[in-house]
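To keep things clear, I will list the structure first and then write my remarks on it.
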Ligand code: A3P
């Protein structure tokens, strides 16, 4: 295995996964000066917020085909030399903050989707994912995990800090190549979000294609067909990830599953922390 998803490296006060090839500083510098193309798409998130969901929709909108493709290329731990050679349209993902994106993106080139999700469902999704992930070698208790999560001692740090970083970007960045998506809103009305994503990308299709994309990207359809439809070369990634036949990324896909995991006491502690931390935030997350 190439590394451990739980282990992180700290650089300039922020945490990065230890899968980064070579030295972090060199890798971040290479990303900073990466050549960006107009039709590049970047999907940014705190882990388990719906990265693969937004990626799948964006890939269909970029290619004009409703086929599933394996998974996005992560800026965080792929060699930039390899990313440079990928054919267009390229779709990248990252759990890093805006300041770590290629400079040309921060100057307006390419398109960026930022997706966020309520922190209780993220906690459950992350915990259950790590248990299943071969590379993570993780077997901690939910109680202990939740404590670390609330303290921000996680890969990519604190959910709260990540949200605040994006709120600051939203308030200060003047470019028009960033679109903010919310998991709970997508669950509520996927078609209208697919429509908005298409306009943001500047692509035009018949409404029937956008409806097809929406149908193909519901949790039920994805979980049922994605494994059978992904090309063999992309399957390898799935098997490396977990021993299960089902991709561990597609677990329940619901809003409010946290209720099956948080005890009443854990929920009270979390709510208290949430209220304190979110005092100055404009974001209002829905938990059910
Ligand atoms: P759950 O573990 O709660 O099911 P990421 O891609 O950022 O790792 O996020 C994974 C989470 O997004 C998982 O949450 C997964 O089930 C959910 N997800 C993936 N595809 C989805 C879809 N089509 N609809 C709703 N949720 C989806």
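So for the chain, averaging the separation of alpha carbon pairs under 8 Å that are six or more residues apart and normalising by length, what relative contact order in percent results?
Numbers: 376 pairs, mean separation 67.6, N = 288.
Value for the chain: 23 percent.
For residue 12 paired with residue 257, estimate the spin-label separation in nm (one decimal), with each label point 7 Å from Cα along the Cα-to-Cβ line.
3.5
Summing -39500 (n - 2.57) over the DSSP H runs of n ≥ 4 in the chain and dividing by its residue number, what mean residue ellipticity at 222 nm do you reach, to the nearest 500 deg cm²/dmol? The partial results should precede the final answer.
Values: 13 runs with 131 residues, N = 288.
Mean residue ellipticity, 222 nm, calculated: -13500 deg cm²/dmol.
Express the relative contact order of the range 1-109 as a whole percentage, based on alpha carbon pairs under 8 Å and six or more residues apart in sequence. Can you show the working numbers first?
Details: 138 pairs, mean separation 37.0, N = 109.
It rounds to 34 percent for the range 1-109.
So for the range 1-146: antiparallel DSSP bridges make up what percent, rounded to the nearest 5?
The antiparallel fraction comes to roughly 25 percent.
Return the percentage of antiparallel bridges among DSSP beta bridges fully within the chain, rounded to the nearest 5 %.
Of those bridges, close to 20 percent are antiparallel.
Classify the range 68-164 as rounded, prolate or oblate from the Cα gyration tensor: take a ≥ b ≥ c as the square roots of its eigenvalues, call it rounded if a/c is under 1.5, otherwise prolate when a/b beats b/c and oblate if not.
prolate
State the extension gain, in nm to one decimal, for the chain segment bounded by residue 151 and residue 203, taking 0.36 nm per residue of separation less the distance between their alpha-carbons.
Numbers: separation 52, 0.36 × 52 = 18.72 nm, distance 4.16 nm.
Here the answer is 14.6 nm.
Stokes-Einstein at 20 °C, 1.002 mPa s, Kirkwood radius from Cα pairs: D for the chain in µm² s⁻¹?
Reported coefficient: 109 µm²/s.
Calculate, for residue 104 and residue 63, the FRET efficiency according to 1/(1 + (r/R0)^6) with r their C-beta to C-beta distance and R0 22 Å; round to the nearest 0.05.
E between residue 104 and residue 63, to the nearest 0.05, is 0.50.
FRET efficiency for residue 171 and residue 25, Cβ-Cβ distance as r, R0 = 30 Å, nearest 0.05?
0.60
Based on the Kirkwood radius over alpha-carbon pairs, what is the Stokes-Einstein translational diffusion coefficient of the range 155-210 at 10 °C with 1.306 mPa s viscosity, in µm²/s?
118
Read-outs: derived from the displayed coordinates by stated rules, not from any lab. Keep in mind that what you see is a predicted model, and the values were worked out from it rather than measured. With ideal geometry, Cβ positions are generated from the backbone for all residues, glycine too; neighbour counts draw on all protein chains shown.
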